[in-house]
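What follows is calculated from the coordinates using simple rules that are stated; it is not laboratory data. If you're wondering where the values come from, they're calculated on a predicted model, not measured in any experiment. For neighbour counting, all protein chains shown are included, and Cβ atoms are generated from backbone atoms with ideal geometry for every residue, glycine included.
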Amino acid sequence: QVQLVESGGGWVQSGGSLRLSCVASGTTFRHGTMGWYRQAPGKQRELVATIAWDNFTYYEDPVKGRFTISREDASNTVFIQMDSLKPEDTAVYYCNYVTWKSIYWGQGTQVTVSS
């Protein structure tokens with residue numbers, strides 16, 4: 001059984017920082033791609049960033065230069081460091097793990113950025 005558990009969400013002022021964590025059990029990040037998605041109220045879930053098994057990273061344009069995705073294989077954890085946060089970053093953030101045969105999602109954690 002695969003489980004993704006997220007932590008680190010909360011409220012922050014505009015320009016502040018948050019670091020989200022996602023730890024996996026029942027699987028390993030070394031066999032797939034990890035990602036962070038977000039969904040604002042009334043909007044579709046959208047990709048934020050991904051990191052592959054070889055540490056190749058990808059960022060969507062709205063977060064480039066502000067967010068950093070990383071992984072810690074020893075603890076089977078993926079992180080996203082979010083700096084210079086803006087009110088438009090407010091959303092529920094989801095951890096995602098994709099292999100060739102399966103897609104897994106975390107429960108989501110709320111990030112609220114106040115101006």
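Working from label points 7 Å from Cα in the Cα-to-Cβ sense, the V2 to R30 distance is 1.7 nm. Electrostatic bookkeeping for V23 treats Lys and Arg as +1 and Asp and Glu as -1; over the other residues with beta carbon under 10 Å from its beta carbon, the sum is -2. Listed values for the range 43-51 are Karplus-derived 3J(HN,Hα) couplings in whole Hz (6.51 cos²θ - 1.76 cosθ + 1.60, θ = phi - 60°), namely 10, 6, 5, 10, 6, 9, 6, 9, 9, and x replaces Gly and Pro.
Only alpha carbons enter this Debye calculation for the range 50-115, each as an equal point scatterer, and the log10 of I(q)/I(0) it gives at q = 0.17, 0.30 Å⁻¹ is -0.71, -1.47. Only lysines eight or more places from K101 in sequence, or on another chain, were considered; those with a Cα closer than 28 Å are K43. Binning the alpha carbon pair distances of the chain at 5 angstrom intervals from zero yields the distribution 2, 13, 24, 26, 19, 10, 5, 1, 0, expressed in whole percent. With contacts taken as Cα pairs under 8 Å and at least 6 residues apart, the chain reaches a relative contact order of 36 percent.
What the phi angles of the range 100-115 give under the Karplus curve with 6.51, -1.76 and 1.60, with θ = phi - 60°, is a coupling list of 5, 10, 9, 10, 10, 10, x, 7, x, 9, 7, 10, 10, 10, 9, 8 Hz, glycine and proline written as x.
Between R45 and E88, the contour length at 0.36 nm per residue exceeds the alpha carbon distance by 14.1 nm.
Residue by residue, the range 80-89 carries 3J(HN,Hα) couplings of 9, 8, 10, 10, 6, 5, 10, x, 5, 7 Hz when phi is fed to the Karplus relation 6.51 cos²θ - 1.76 cosθ + 1.60 (θ = phi - 60°); x denotes Gly or Pro.
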